[in-house]
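What follows is a single structure, written as structure tokens, with notes after it.
The values are calculated or read from the model by the stated rules, or taken from the named source; none is laboratory data. All of these numbers come straight from a predicted model, not from anything done at the bench. Note that we place each Cβ from the backbone using ideal geometry, even for glycine, and neighbour counts take in every protein chain shown.
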Amino acid sequence: MRNYLLIKHLIFLLKEYIFIFLTATIFILILSTKSFGNENVFTVNNVEVKGNIDLNFKREKYLNIAFRNSFKILANKILLRGDLKNINDVNLKEIKNLIKSFRILKESYSKDEYNAKFKIYYSEEKVKKFFIKKNISISRPEKITAIFYPILFVNNEMLNHDENFFYKKWVEIEINNELINFILPLEDLEDVSEIIKKKNKPEELDVNIFVNKYDVKNYVFAFMDYRNKKLDVHLKTNFNGNKTSKNISYELKDINDVLILDSILKEIKLVVTDIWKEENLINLLMPLSIQVKFQHTHLENLYSLKRTFDKISIIDNYSLEEFNINSSFFKIYYYTNPKKLKTELIKFGYNLKNEQGLWQLYLNE
């Protein structure tokens, strides 16, 4: 009887070790490369080109145009506006070297006109190396939703929403690579009264009084004051808990000049987008690393975590350092800072905690 129990115990241990070995082997193979989801920032979709078909027509010519245009789109996605001027001299050969592959989404030859749409896949590794050589940091911003609260005073009088050009046109006028989905507020007499009280000290306005009425944490509050042919804009933003303020001034002879107002609105949108990009800048020269312990009960927990790591853009790479039945240790290489990494993990239901010098990763129940 004793021998039987001993053999049974040994078989159980053997099965356990085999399970650990096979699982670890399979999981390490899965972790060998980081894969990204469909919303890869390094993929440029729907690049359209068109032109006349004549005796000198060459398909390659339009493909090269698509490559150039796609690089401009990519650069506008991941670079701050101030850095765009540093890549004006990039030639076609350099651009082609960054491209991994492309697909023709649509192509037609009709009425002597060539029309095509392309989807172009850039190599993330090559793009990063390219900007490292240029000493340019890239941004990896997600698309977010924010409430836009525009206040416009003209000659010391506050305009209502129907008279406010920026309220009426903010969503309608678009910029390239829109990253923020804006929601406009309803007009509220209590808000108007509070704003008028602080019209000479907009920096003292408690924006939370206005935006807390909406189920959106991110906001852009624009206090605009037009007088003496000048438009002063005081911006307050809150993106994922990071608050900033910025003052901008525009010379404006006529507050009813729609063309100038269009350009100012676009400029303000670009400024706001840059603020969001700045919060997502990654220093490609200095990736950080962190070792975390993850407690799990099922193998599926590990696969779910792996899928999460793949989705978080600031994670450059990761590896499984140690594995057993109840917990695993990961080495994570990432950009920005631990606070940003923690914020990103929370979005996927994980809590990263520093417990007496040891980083622990928990799955929120």
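Couple of notes before you dig in:
- Meets criteria (over 20 Å from residue 139 (Cβ atoms) and surrounded by 12 or more Cβ atoms within 10 Å (Cβ to Cβ)) for residue 322: yes
- Any hit, region 70-78, residues being among the polar types (S, T, N, Q), in contact with a strand residue (DSSP E or B) (Cβ under 9 Å, 6 or more places away or on another chain) and at pLDDT 90 or above: yes
- Residue match in region 137-151 (condition: touching a Lys or Arg at 6+ places or on another chain (Cβ under 6 Å) and within 30 Å of residue 285 (Cα to Cα)): yes
- Filtered by the rule that a residue be of a type outside the set (Val, Ile, Thr), touching a strand residue (DSSP E or B) at 6+ places or on another chain (Cβ under 9 Å) and more than 25 Å from residue 180 (Cα to Cα), region 274-305 gives 287, 288, 289, 291, 293, 294, 295, 296, 301, 302, 304, 305.
- Answer residue from region 262-309, given it is hydroxyl-bearing (Ser, Thr, Tyr) and under 18 Å from the mean Cα position of the chain (by Cα) and is surrounded by the most Cβ atoms within 10 Å (Cβ to Cβ) among those: 273
- Single residue of region 213-246 satisfying the filter (closer than 12 Å to residue 268 by Cα and touching a Lys or Arg at 6+ places or on another chain (Cβ under 6 Å)) that is modelled with the highest pLDDT: 235
- Residue match in region 338-352 (condition: touching a Pro at 6+ places or on another chain (Cβ under 7 Å) and of a type in the set (Phe, Trp, Tyr)): no
- Identification of strands (runs of 3 or more DSSP E) wholly contained in region 89-169 with 2 or more residues that are closer than 30 Å to residue 255 by Cα, under 20 Å from the mean Cα position of the chain (by Cα) and at pLDDT 90 or above yields 144-154.
- All positions within region 49-67 that are more than 30 Å from residue 282 (Cα to Cα) and outside any loop (DSSP other than H, G, I, E, B): 49, 50, 51, 52, 59, 60, 61, 62, 63
- Checking each residue in region 101-125 for being exposed (fewer than 15 other Cβ atoms within 10 Å of the Cβ), touching a residue at least 24 places away in the same chain (Cβ under 8 Å) and charged (D, E, K, R) picks out 112, 113.
- Selection of region 306-334 for residues being acidic (Asp, Glu) and in contact with a strand residue (DSSP E or B) (Cβ under 7 Å, 6 or more places away or on another chain) yields 316, 321, 322.
- Tally, over region 69-89, of residues that are charged (D, E, K, R) and surrounded by fewer than 15 Cβ atoms within 10 Å (Cβ to Cβ): 3
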